[in-house]
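Comments concern the structure below.
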Amino acid sequence: MNPFAFTILRMLSDGNYHSGTALGQALNVSRASISNALNDLDCYGLVIHRIRGRGYRWLNPTQWLDSKQIRHYLAEYADSIQIEIVEAVESTNSLLLQRVIDQGASAGRLKQVLVTELQTQGRGRRGRTWVSGLGDSLVFSVLWPSQCAVNTLSGLSLAVGVAIVRALTLFGIRNIALKWPNDVLSGYNKLAGVLIELHGDMLSPGTVIIGIGLNLRLSNVTKSQIDQKVTDVASVAGQMPDRNRLLAILLKELAKMLDTFEQHGFEPFVEEWERHHAYQDKAVQISFPDGAVKNGIAIGIVPDGALQINTPTGIVQLRSGEVSLRGLI
């Protein structure tokens, strides 16, 4: 989506009709330019109503992200978190990681957050894609200048999941569960996902990129592009949340979690993670990269974040990147 389309959409955000002539005059372009810019936006989940003589009306306008509002909701955390909002980007994780490679991590303890209205080539775990439309999700990445050695960061994606559950609970959203190692569920449908990427030597402190995608109100167009069962906050809570307030709550809970993780690792989060585990003490099926399949009972996790499965041949410990996990329910 080109930047000019975003400019027009912001003018249409009030939900009223705006004529092509009025839009063109305001932006000093032709009516044809307005029409061309608004073509094919349905592929992003947008519904633009056009009526001759009345103009254009955006039927499902997004609530735009606003850094001032986010900083207001962050309160005492506002000075320790730097927020950048972009209209569109291929991948927030990729952009932050490239900046680290090109420029190095920022000095000090400031956490940098890159959040976008539209992510066009989102990435998930094991090469999967993360699909979202314009404004229908919270898609952001946090650059954490960690003091932990890279090889001590096992379990971080699980701790991020705990922080997300805490934030959603504070927002009044219930019945949230976790799936090892990086999914947040509601009713066994995917609500959010986490992608951790590291830059640095294994035995020295490195820079951590924490990518999070949280479904807020997915359009049917977006849902049709996703190859698994998904849900969103609007469906779970019964209404669309305030994006700016929810993002601030998420960032505060992430900041608290990272402070604890840096001092103590994942161990303080084990009991809480298991309490929210969707498959705790339930039958699961493990699919290994070589095609082998094992069934067993998920009996919990160990302090380094490995999931323990009790199989007929003994207890198996699973670590990120090794297996695909499916519940047998």
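Just so you know, all these numbers are worked out from the coordinates, no wet-lab data involved. Fair warning: this is a prediction, and the values are worked out from it, not measured in the lab. Here the Cβ is made from the backbone with ideal geometry for all residues, glycine too, and neighbour counts use every protein chain on show.
Brief remarks follow.
- Each of Y56, Y188, Y77 was scored by other Cβ atoms within 10 Å of its Cβ. Listed from fewest to most, they are Y188, Y77, Y56.
- Ordering W180, W130 from the fewest to the most neighbouring beta carbons within 10 Å gives W130, W180.
- Exceeding the 32 Å Cα-Cα cut-off - candidates K179/K223; K179/K256; K111/K282; K68/K179; K190/K294: K111/K282; K68/K179
- Global geometry of the chain, whether rounded, prolate or oblate, following the gyration tensor of its Cα atoms and the 1.5 cut on a/c: prolate
- Over the chain, Cα pairs under 8 Å with separation of 6+ residues give a relative contact order of 15 percent.
- Within the shell defined by Cβ-Cβ distances under 15 Å, the residues around L95 carry a net charge of -4, with Lys and Arg each +1 and Asp and Glu each -1.
- Counted charge near T120, where neighbours are those whose Cβ lies closer than 15 Å (Asp, Glu -1; Lys, Arg +1): -4
- Cα centroid of region 145-167 to Cα centroid of region 20-39, whole Å: 47 Å
- Region 3-58: relative contact order in percent, alpha carbon pairs under 8 Å with at least 6 residues between: 44 percent
- Karplus-derived HN-Hα couplings along region 60-73 (A = 6.51, B = -1.76, C = 1.60, θ = phi - 60°), whole Hz, x at Gly and Pro: 10, x, 7, 8, 5, 6, 9, 4, 5, 5, 4, 5, 4, 6
- Residues T313, T129, sorted so that the one with the fewest Cβ neighbours within 10 Å comes first: T313, T129
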